[in-house]
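Inspection log for the structure reproduced underneath, given as structure tokens.
The values are calculated or read from the model by the stated rules, or taken from the named source; none is laboratory data. Because the structure is predicted, anything quoted here is derived from the model rather than measured. Cβ placement follows ideal geometry from the backbone for every residue including glycine, while neighbour counts extend to all protein chains displayed.
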Amino acid sequence: MENKKHICLCLAHMSEAGWERKFIQEAFDMNWVAPLGPNVDAFEVALERFLGEGKRVAALSSGTAVVHLSMVLLDVQPGDEVICQSFTFAASCNPIVYQGATPVFVDSEPDTWNMDPDLLEVAIKDRLACTGRLPKAIVLVCLYGMPPKYDEILAVADRYGIPVVEDAAEAFGSRYKGRLCGTFGRFGVLSFNGNKMITTSGGGALVCPDETMKRRVLFYATQAREPFPYYQHEQIGYNYRMSNVCAGIGRGQMYVAEDHIRHHRLLAEQYVRLFSDEEAVTVHLNPSDSFDSNYWLNTITFDASLTCDVDRVRLLLAESGVETRPLWKPLHLQPVFKDAPRYLNGVSERLFASGLCLPSGPCVSVEDAGFVADLIKSSLR
Ligand SMILES: Cc1ncc(COP(=O)(O)O)c(C=O)c1O
């Protein structure tokens, strides 16, 4: 039998103490097998304690649903434009289109790989000049866990009075100037998909400013049911609440969340050490002390002269059982968004052509990181 190593990009990791199973078992024992229940309530409380800042949290069925409800709550409608970071996963943007609105893509700056604040302002001014209206919202992303340049971005957004939806799906536990990502925008987006920092198998959470807003979120997330004894609907709603079984996993994961974050950061340190003698490889790191990434996925870029070989490196690693992934293909390059307005500076395209995501998370050991780095280095020889 083949005894090949398999090192995956980022796998779910359950607590050794079995907290997740315990809470799922409780859901079954109490027959709370529904999209509400004690696990959902307790998970939300745990998330609120974790995030602080007086935020309230609504647990929903996915991060994508969270982005979508943010658009609904901001009254994004057909004919509106919403600015979205181009360098991200499609789920940051698709809900703009669900609402019949038009995404406007803004490129990244090279330090954090997130939205370029100067280009954001150029885009806002130009959209105003072209359409006579301001964009309805801004979807700002914390890519691979790295906080964006919040001070600069929020200053621009405030100057024009445009609300920011902070897509922190990848940034659970990341901080900017000591404050947790997901708590800066009008709404924050968390994802608990199977590959994220903590998981509920699939799920997400909408971080909102207060209890009144949380009630509105829950209203839309549970089919917009009016308070009548029969089913009365005056608005269009959604079935977006989190299952009490899934929330049991999330509740258990909160016991190990800090361990997970620590391990992702430990691997970042390892990759830096392992590539310190390899000039052709740069590990993407916090640009200054203000930034404290969770390093959800550790990422590297190759020297420009090697750009054309990145996919060869990825395939060589795959042959040895190591899963890596190209950096996100910028959304402005996606065929489905070919007609969307865009404000570009070349940064995301350069990164897409020259980078790789490396195995990360608690299922990847320090020895695994060494194995991955050795393979990459030998593939460059
Ligand atoms: C940046 C970003 N936004 C949104 C999402 C959507 O989250 P979900 O998969 O929970 O729908 C993800 C992850 O999948 C993501 O990486």
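Of the residues making up the stretch 145-192, those that are among the basic types (Lys, Arg), within 24 Å of ASP80 (Cα to Cα) and touching a residue at least 60 places away in the same chain (Cβ under 8 Å) number 1.
Can you name every one of the strands (runs of 3 or more DSSP E) wholly within the stretch 146-224 that holds 3 or more residues which are near the ligand (Cβ under 10 Å from one of its atoms) and of a type outside the set (Lys, Arg)? Spell out how you get there, then give the answer.
Details: elements: 164-167, 187-191, 204-208.
Strands (runs of 3 or more DSSP E) meeting the threshold: 187-191.
The rows are residues; the columns are (1) within 30 Å of VAL97 (Cα to Cα); (2) outside the structural domain of PRO103 (by TED's automatic domain parsing); (3) among the small types (Gly, Ala, Ser).
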position: LEU266; (1), (2), (3): no, yes, no
position: ALA280; (1), (2), (3): no, yes, yes
position: PHE291; (1), (2), (3): no, yes, no
position: LEU317; (1), (2), (3): no, yes, no
position: VAL322; (1), (2), (3): no, yes, no
position: LEU333; (1), (2), (3): yes, yes, no
position: ASP339; (1), (2), (3): yes, yes, no
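Taken as a whole, the condition of being closer than 30 Å to SER201 by Cβ and either outside the structural domain of PHE192 (by TED's automatic domain parsing) or not in a loop (DSSP other than H, G, I, E, B) (or both) applies to CYS84. Among all positions in the stretch 241-251, there is at least one residue which is crowded, with 21+ Cβ neighbours inside 10 Å, among the basic types (Lys, Arg) and in contact with a Leu (Cβ under 9 Å, 6 or more places away or on another chain). When residues in the stretch 283-306 are screened for being modelled with pLDDT under 95 and exposed (fewer than 15 other Cβ atoms within 10 Å of the Cβ), 3 of them pass. Looking at ALA137, ALA129, just one residue is free of Cβ contacts under 8 Å to residues at least 24 places away in the same chain and more than 9 Å from the ligand (Cβ to nearest atom), and that residue is ALA129. Among the numbered conditions (1) in contact with a strand residue (DSSP E or B) (Cβ under 9 Å, 6 or more places away or on another chain); (2) aliphatic (A, V, I, L, M); (3) at pLDDT 95 or above, the only one that ALA280 does not meet is (3). Considering every residue within the stretch 323-338, establish whether at least one is in a strand (DSSP E or B) and modelled with pLDDT of 95 or more. Yes, the stretch 323-338 has at least one match.
Results for (1) surrounded by fewer than 24 Cβ atoms within 10 Å (Cβ to Cβ); (2) of a type outside the set (Phe, Trp, Tyr); (3) within 22 Å of the chain's Cα centre (by Cα), shown as yes or no for each residue.
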residue: ALA169; (1), (2), (3): no, yes, yes
residue: GLY194; (1), (2), (3): yes, yes, yes
residue: ILE236; (1), (2), (3): yes, yes, no
residue: TYR255; (1), (2), (3): yes, no, yes
